[in-house]
1. Can you give the Kirkwood hydrodynamic radius for the stretch 140-185, in Å, rounded to one decimal and based on Cα pairs?
2. If a paramagnetic tag sat 7 Å from the Cα of Asp31 along the Cα-Cβ line, which residues of the stretch 45-69 would have the backbone N under 19 Å from that point?
3. Do any chymotrypsin sites (Phe, Trp or Tyr not before Pro) in the stretch 151-210 lie in a loop, going by DSSP, with at most 10 other beta-carbon atoms within 10 Å of their beta carbon, and if so which?
4. Spin-label point model (7 Å from Cα, Cβ direction): what's the Met50 to Asp197 distance in nm?
5. What's the extension gain from Asn66 to Ala138 if we count 0.36 nm per residue and subtract their Cα-Cα distance?
6. With only alpha-carbon pairs counted, each pair once and no self-pairs, how large is the Kirkwood hydrodynamic radius of the stretch 42-125 in angstroms?
7. What's the local net charge at Gly91, with K and R +1, D and E -1, over the other residues with C-beta under 9 Å away?
8. Can you tell me what the convex hull of the Cα atoms of the stretch 31-174 projects to on average, as an area in nm²?
Amino acid sequence: RGRVRSRIQPGLVLSVCCFLAPLALAAAPADPATLLKGLTDRGAGKLVVMREKAAADSPIISLAGNLADAAPGGAMATAKAFIESHGTLLGFPPGALPTEYGTFSTGKKEAGGETLTLVPARGGVRYLGGGVIFSFQADGKLRMAAGRYRNLASVPPAGIDSATASKRALSEVAKKFPGSWMSGNGTLTEVIADTEDGGLAHRFVFKITV
């Protein structure tokens, strides 16, 4: 008396339902046609698009028109905002600008405009051939973006350090010009260069006067 007994009969199946909130998935980047239409509408139908080849699906290498309003923070901030929204048109990966990159800027010109170049980099080595030039009006609006960004994530490392590369280069020079006078130990520069098969590779450029 006073007790509550709970009894589960043999063979009774209990089912428990769990309702989970749907996972938040990252939105896929808009397709090129949609992005281009947005830029065309923004510029009242005036958008100049240049491609590597005449084919309609050939990679875009230049956009000119009323591309973006000036963002707080100047040219760099405007370029980053454009890359985040439309960068895939010029080869940038979806989303924000990669964390490692190099910059070149002409600063303000007499007419008030400005040019900013962003180039991909890896391990502190820049690849100038994969840069994109952003040109701005005097009011800070982005009016042109020219170039094709190259992702360096798959570029293999050089395989040797700079000291070893310098020693090898000096040795080869001595073999080719035995007994010749040399201006010191030369200079060595690490670069990312195009390969014959269309890829990219780390290379060392050695310069010396003999």
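Just so it is clear, none of the values below were taken in a lab; they were calculated from the coordinates. Note that the structure is a prediction, hence the values are computed from the model and not measured. Cβ coordinates were reconstructed from backbone atoms using ideal geometry, including for glycine residues, and neighbour counts include every protein chain displayed.
1. So the Kirkwood estimate lands at 15.1 Å.
2. From the stretch 45-69, the list is 55-60.
3. The qualifying sites are Trp181.
4. For Met50 paired with Asp197, the spin-label model returns 3.1 nm.
5. 24.6 nm
6. On the way: mean 1/r = 0.0689 Å⁻¹.
Kirkwood hydrodynamic radius for the stretch 42-125: 14.5 Å.
7. Charge balance in the 9 Å sphere: +2.
8. With every direction weighted equally, the projected area is 11.9 nm².
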